[in-house]
1. Can you tell me how many residues in the stretch 84-98 are charged (D, E, K, R) and open to solvent by 30 Å² or more (accessible area, probe 1.4 Å)?
2. Given the conditions (1) open to solvent by less than 20 Å² (accessible area, probe 1.4 Å); (2) within 26 Å of Asn82 (Cα to Cα); (3) in a strand (DSSP E or B), report the number of the one that Ile380 does not fulfil.
3. With respect to Tyr301, determine if the residue is open to solvent by less than 40 Å² (accessible area, probe 1.4 Å) and either touching a Cys at 6+ places or on another chain (Cβ under 8 Å) or among the β-branched types (Val, Ile, Thr) (or both).
4. Among Thr218, Thr198, Thr231, which is the only one that is polar (S, T, N, Q), open to solvent by less than 10 Å² (accessible area, probe 1.4 Å) and within 23 Å of the chain's Cα centre (by Cα)?
5. Out of curiosity, is Val352 free of Cβ contacts under 8 Å to residues at least 24 places away in the same chain, surrounded by 20 or more Cβ atoms within 10 Å (Cβ to Cβ) and either within 20 Å of the chain's Cα centre (by Cα) or over 14 Å from Asn306 (Cα atoms) (or both)?
6. Asp286 is checked against (1) assigned to a strand (DSSP E or B); (2) more than 21 Å from Pro199 (Cα to Cα) and fails just one. What number does that condition carry?
7. Show me the strands (runs of 3 or more DSSP E) entirely contained within the stretch 126-182 in which 1 or more residues are more than 19 Å from the chain's Cα centre (by Cα) and surrounded by fewer than 22 Cβ atoms within 10 Å (Cβ to Cβ).
Amino acid sequence: MTGEAPHGDPPVRWSENENVRWKVAIPGRGHATPAVWGDRIFVLTAVPAEGSDSGGGALSGLFGRGDRFSYEVRAINRTDGNLIWRRVTRVEAPHDSRHNDASWASCSPVTDGEHIIASFGSRGFYCYDMDGNLQWEKDFGDLRIRFSWGEGSSPALSGNKLVVTWDQMGSSFVAVLDKSTGKELWRENRSDGTSWTTPLIVEHNGRKQIVAPSIARTRSYDLDTGKELWTTRGMTANPIPTPVSADGIVYLMGGYRESVLQAISLDKARGDASRSGAIVWDYTSDTPYVPSPLLYNGNLYFLKSNQNMFSCLDAATGKSYYSRERLDGLRGVYSSPVAAKGRVYVMGRNGVCVVIRHGPRPEVLATNRLDDSFSASPVIVGKDMYLRGENYLYCISTE
């Protein structure tokens, strides 16, 4: 996982009147990044149930827990945006509050072309086949999230194994399930506090490992056995960015009230990574709070906090090419930057997407605007880009 779409070539420019193949309304609110396979886009959303007072607005459920929501998985046709199927996983009220900027459907789904697995966190995990037939469901109970800010950690999929991190202010664990049956293969308890980050599965020297940040410690586990392989410091008091990895190096980041970036050598990582000489380099300024970094062709890109200030480092050495480069027009970035065809795309919550040329010098190629707000990350497939907004799902394409 790096943020790159290696075969992608989406448009550079678009607007409400240019290069929008289709635009469809998605009821409810959800910040989950869509999953795409074949002719289908899978979108998660939480729709206010009949009789709810909130209507799903910005303050819905922030302090109260009375509103009921329909937690839904929707399969949408990539060609025209039409709904193929819709499944309601559960209808109930949340047990806790959420941050004003969060949603009740913030955990992104995963798919392997045979299964689509959706997590609604405390509302359960659900596995469907590609035609929407339920294969299994699993409920781990209710999470108790730091500050009651809501849930956001997505599952990760590798081969027949589904990885779940269940980090909270209390008894926590990382577990691996059989993707076809939902059977729990192993579980390792941990007590490192809340995490909103999605675990990274990385293969090195023939061994797959799970890298799972949290507040107190970041830990790596053997995917097959659950054995702890190495640890390093936690990624701030509110860990959100997902790690990225290439060429035997894992890059960890956090940006809540401090800046943390560690480049960890998987060749040397064992026990405490700092004592085994595994920290290749580190960086202590301008790291992201919510967005994950982008690792693209030897460059490491990231934003400062949730702001419009962009940095680019040499991934091998940590050398700074540029830092805090202001991306004019962009406001409030929660989605992660993505890249394709020598271009980097950075999407803001104000509907603006700035397109930058990949390289050691910042060059803005285009500044695009849509009439929506975006917290989910862009998804690039070939010449198409899919953008999940607060109100609409867009297909951006020249075809």
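The values are calculated or read from the model by the stated rules, or taken from the named source; none is laboratory data. The model shown is predicted, which means the values in this text are computed figures rather than measured ones. Using ideal geometry, Cβ is built from the backbone for each residue, glycine included, and neighbour counts are taken over all protein chains shown. Heads up: the accessible areas ignore ligands, DNA and RNA and are worked out on the full protein's heavy atoms, side chains in. Shrake-Rupley method; radii C 1.70, N 1.55, O 1.52, S 1.80 Å.
1. Total meeting the criteria: 4.
2. Of (1) open to solvent by less than 20 Å² (accessible area, probe 1.4 Å); (2) within 26 Å of Asn82 (Cα to Cα); (3) in a strand (DSSP E or B), only one is false for Ile380: (1).
3. Values: open to solvent by less than 40 Å² (accessible area, probe 1.4 Å): yes; either touching a Cys at 6+ places or on another chain (Cβ under 8 Å) or among the β-branched types (Val, Ile, Thr) (or both): yes.
Answer is yes for this residue.
4. So the residue among Thr218, Thr198, Thr231 that is polar (S, T, N, Q), open to solvent by less than 10 Å² (accessible area, probe 1.4 Å) and within 23 Å of the chain's Cα centre (by Cα) is Thr218.
5. Working: free of Cβ contacts under 8 Å to residues at least 24 places away in the same chain: yes; surrounded by 20 or more Cβ atoms within 10 Å (Cβ to Cβ): yes; either within 20 Å of the chain's Cα centre (by Cα) or over 14 Å from Asn306 (Cα atoms) (or both): yes.
Judged against the criteria, Val352 is a match.
6. With (1) assigned to a strand (DSSP E or B); (2) more than 21 Å from Pro199 (Cα to Cα) applied to Asp286, the lone miss is (1).
7. Hits in the stretch 126-182: 134-138, 172-178.
Residues are listed down the side, and each one gets a yes or a no for (1) assigned to a strand (DSSP E or B); (2) crowded, with 16+ Cβ neighbours inside 10 Å; (3) among the aliphatic types (A, V, I, L, M):
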| site | (1), (2), (3) |
| --- | --- |
| Tyr322 | yes, no, no |
| Asp328 | no, no, no |
| Asp372 | no, yes, no |
| Tyr386 | yes, yes, no |
| Cys395 | yes, yes, no |
| Glu399 | no, no, no |
